[in-house]
Amino acid sequence: MSESLKKIFAALLSGTIFGLGIAVSGLANPDKVLQFLTLSSAWSPALLFTMAAGILVTLIGYKWVLHRGPVLEQELQLPTNTTLDRKLLVGAAIFGIGWGLAGFCPGPAIVGLSSGMTEPFAFVAAAIIGSQIQRVTSSS
Amino acid sequence: MNTNEYLMAATGGALIGVSSVLLLWLNGRIAGISGIMNGVFGRQCAEVSWRLAFIVGLIAGGFLFQTSTGAVLIERTDYPEWLTIAAGLLVGYGTRLGSGCTSGHGICGIGRLSLRSLVATATFVLIGMAVATVLSRVLS
């Protein structure tokens, strides 16, 4: 099997586990996400458990991978920007507004496509358009 | 306290972590969903295949969960369409400007102890909470 085909299978496997994780955690259900984001008597900390478990596994796993290096690539492709700039803060804030408005973020919305329902399709289409607007209007 | 719900939330988070470690270990890549999506609809059309495979995997994961458990991913069917569309546009724009979403910053970024990701995550969680809390008052 060629290296690029192996990479495609690796991404398919990783994506499937990721999608299962999103579905199992309840993140694919925007009502649950809004129940976490809305501060009320019905507030549920369940998604904090999802984040904590995910971070714990990556903290340990990434450390190991950083020592070892990747299997199918020459080098790890990691972000190099370390500055806390305006783009990061404004982008995260705009994302936060959108997340709070419907309870969807990119991963769960894509997983939600498997339900065949209209809402995640509308969300994903709008998100693609939104990211293209940012790309076209940005100078850098 | 619903113990089962928290157990599912943590299990799902651990699966997301395992998937992220797997993608970095095998392909040397960060499992950031918005970044993976942007790579498909971006300037450079190289490296599209593994990204598409990951996205197919996400949908397959959701499908596997629904067929094996019989559970429904998304319960609501009556969410205002304009809210879903507005949310999608903002999420697409913001995640591209801010270089990441819940997965790339919230799990992977914090997992590799990136200060940028920690700040971005705090920003979108706090703003998401403020927006969702205000919205719930307005809609009710």
Evaluate the charge dipole of the protein assembly as shown about its Cα centre and quote only its size in Debye, nearest 20, assuming +1 on the Cβ of each Lys and Arg and -1 on the Cβ of each Asp and Glu.
-> 620
Rounded to a whole number, what is D in µm²/s for region A:1-109 from Stokes-Einstein with the Kirkwood radius over alpha-carbon pairs (25 °C, 0.890 mPa s)?
-> 147
Alpha carbon centroid spacing (whole Å) that separates region A:55-70 from region B:99-140 | 23
State the percentage of accessible surface on chain A attributable to carbon and sulfur atoms; use a 1.4 Å probe and exclude ligands, DNA and RNA.
-> 67
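Just the number, please: buried accessible area between A and B, total of both chains, 1.4 angstrom probe, nearest 100 square angstrom.
On the way: alone 10990 and 10760 Å², together 12470 Å².
For chain A against chain B, roughly 9300 Å² becomes buried.
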Cleavage-rule hits, chymotrypsin sites (Phe, Trp or Tyr not before Pro), region A:48-136, DSSP coil, Cβ neighbours within 10 Å at most 13 | none
Given a 1.4 Å probe, the accessible area of the protein assembly as shown per residue, as a whole number of Å², is 45
Per-residue ellipticity at 222 nm attributable to helices in chain B (runs of n ≥ 4 DSSP H, -39500 (n - 2.57) apiece, nearest 500 deg cm²/dmol) works out to -23500 deg cm²/dmol
Exposed-loop cut sites defined as trypsin sites (Lys or Arg not before Pro) in DSSP loop states with at most 16 other Cβ within 10 angstrom; longest site-free run of chain B spans B:77-140
To the nearest 10 degrees, how steep is helix A:3-25 against the longest Cα principal axis of chain A, on a 0 to 90 scale?
-> 30
In terms of the ratio Rg/(2.2 N^0.38 Å) built on C-alpha atoms, what value belongs to the protein assembly as shown?
-> 0.92
Among B:Leu118, B:Leu15, B:Leu73, which one shows the biggest mean-square fluctuation in a GNM of chain B, springs joining Cα atoms closer than 10 Å?
-> B:Leu73
Per-residue ellipticity at 222 nm for chain A, helices alone: DSSP H runs ≥ 4 residues times -39500 (n - 2.57), over residue total, nearest 500 deg cm²/dmol?
-> -23500 deg cm²/dmol
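Answer rounded, prolate or oblate for region B:61-106, using the Cα gyration tensor with square roots of eigenvalues a ≥ b ≥ c: rounded when a/c is under 1.5, else prolate when a/b is larger than b/c, else oblate.
Here region B:61-106 falls in the oblate category.
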When the distances between all Cα atoms of chain B are binned every 5 Å from zero, what whole-number percent does each bin get?
-> 2, 8, 13, 18, 20, 20, 13, 5, 1, 0
Using a 1.4 Å probe, how large is the accessible area of B:Ile85, given in Å² and rounded to the nearest 10?
-> 70
Any idea which of B:Leu73, B:Ile85, B:Ile16 is furthest toward the positive side of the dipole for region B:1-101, if Lys and Arg beta-carbons carry +1 and Asp and Glu beta-carbons -1?
-> B:Ile16
Positive-end residue, the protein assembly as shown charge dipole about Cα centroid, Cβ charges, pick of B:Val131, B:Gly61, A:Ala52 | A:Ala52
Determine ³J(HN,Hα), in whole Hz, for all residues of region A:98-105 in sequence, where each value follows from phi through the Karplus function 6.51 cos²θ - 1.76 cosθ + 1.60 and θ = phi - 60°; x replaces Gly and Pro.
-> x, 5, x, 6, 10, x, 10, 10
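The values are calculated or read from the model by the stated rules, or taken from the named source; none is laboratory data. The model shown is predicted, which means the values in this text are computed figures rather than measured ones. Positions of Cβ are backbone-derived with ideal geometry, glycine not excepted, and every protein chain shown enters the neighbour counts. The area values use the complete protein model at the heavy-atom level, side chains included, leaving out ligands, DNA and RNA. Shrake-Rupley method; radii C 1.70, N 1.55, O 1.52, S 1.80 Å.
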